[in-house]
Amino acid sequence: MKVIAFNGSLKVAEGEPGQALPAIRAFMEEEPEAPLLVLNHQTSSMLEIDWSQPDELIERSLAYQAGEAPVQQRQGRGRPKLGVQSREVSLLPRHWEWLNRQQGGASAALRRMVEAARKSPVVQLEESSLAVDRFMQTLAGDLPRYEEALRQFYRHQYGAMFTEMADWPEDVQRHIRALVGEVQHWREANEPDRRH
């Protein structure tokens, strides 16, 4: 998981937590009152960080917030704990019968199905589009022509969108363009091959 940090419209740090956290801490020492926002680089979700904690614990917290299984040292015998949560799932008997016949049983089959669905181009397109919307709302919501730029984004008129935001702060523009590039990638992956 990568993070990106902004002080207003100025990018402070970007990258894996191990790279970004020291840069963010250095900035905070110089500007302790700065209104710092730290976002998940991929989803644009705001991240909650307790800066009184050491970086190692912050990295674990960020992994948890991103829905990643924590990496734990194996201690003793038995299976390692992977951050699995138990919740009730209601299915018809035929669904349970099918799941129980799968390799690893029902839980393993459900996990594989969820991971496969999350990686599908349709879901990736939806998630990347939400990331653009979320980032623009958070960092550009008060900027001129925000609504029109967002309208052009949802019309897939990216050139017109970039024109609307041409005088926005450079760091904000640069990250929006990167996020839109991801959307374009997944839009192409979802389009049928027109060569046939």
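Only protein atoms count toward the accessible area here, which uses a 1.4 Å probe; on the chain, the carbon and sulfur part of that area reaches 50 percent. Between the listed residues LEU130, PHE153, LEU143, the Cα displaced farthest toward the positive end of the dipole of the stretch 113-160, a dipole computed from Cβ unit charges relative to the Cα centre, is found at PHE153.
Give, as a single signed number, the net charge of other residues whose beta carbon lies under 14 Å from the beta carbon of LEU139, with Lys and Arg counted +1 and Asp and Glu -1. Summing Lys and Arg as +1 and Asp and Glu as -1 gives -1.
Summary: within the chain, the longest segment free of GluC sites (Glu not before Pro) located in DSSP loops with at most 16 other C-beta atoms within 10 Å is 89-196. Given +1 at the Cβ of Lys and Arg, -1 at the Cβ of Asp and Glu and no other charges, the dipole of the chain around its Cα centre is 1440 debye to the nearest 20. Ranking PHE6, MET113, GLY18 by how far each Cα lies toward the positive end of the dipole of the chain (charges on Cβ) leaves MET113 at the top.
Per residue, the average separation of C-alpha pairs within less than 8 Å and at least 6 apart gives the stretch 99-196 a relative contact order of 28 percent. The value of relative contact order for the chain, using C-alpha pairs under 8 Å at least six residues apart, is 18 percent. Amide H contacts for VAL3 (H built 1.01 Å from N in the peptide plane; partners 5 or more residues away or on another chain; cut-off under 5 Å): GLY15, GLU16, HIS41. Think of the stretch 1-160 as a dipole: +1 on every Lys or Arg Cβ, -1 on every Asp or Glu Cβ, centred on the Cα centre; then among PHE27, GLY104, LEU47, GLY104 lies furthest on the positive end.
Other residues with beta-carbon under 11 Å from the beta-carbon of VAL12 carry, at +1 per Lys or Arg and -1 per Asp or Glu, a net charge of -2. Classify the chain as rounded, prolate or oblate from the Cα gyration tensor: take a ≥ b ≥ c as the square roots of its eigenvalues, call it rounded if a/c is under 1.5, otherwise prolate when a/b beats b/c and oblate if not. Oblate, because a/c is 1.5 or more while a/b does not exceed b/c.
The values are calculated or read from the model by the stated rules, or taken from the named source; none is laboratory data. Since this is a predicted model, take the numbers as computed values, not measurements. All Cβ positions, glycine included, derive from the backbone under ideal geometry; neighbour counts span all protein chains shown. Ligands, DNA and RNA are excluded from the accessible area calculation, which covers all protein heavy atoms including side chains. Shrake-Rupley method; radii C 1.70, N 1.55, O 1.52, S 1.80 Å.
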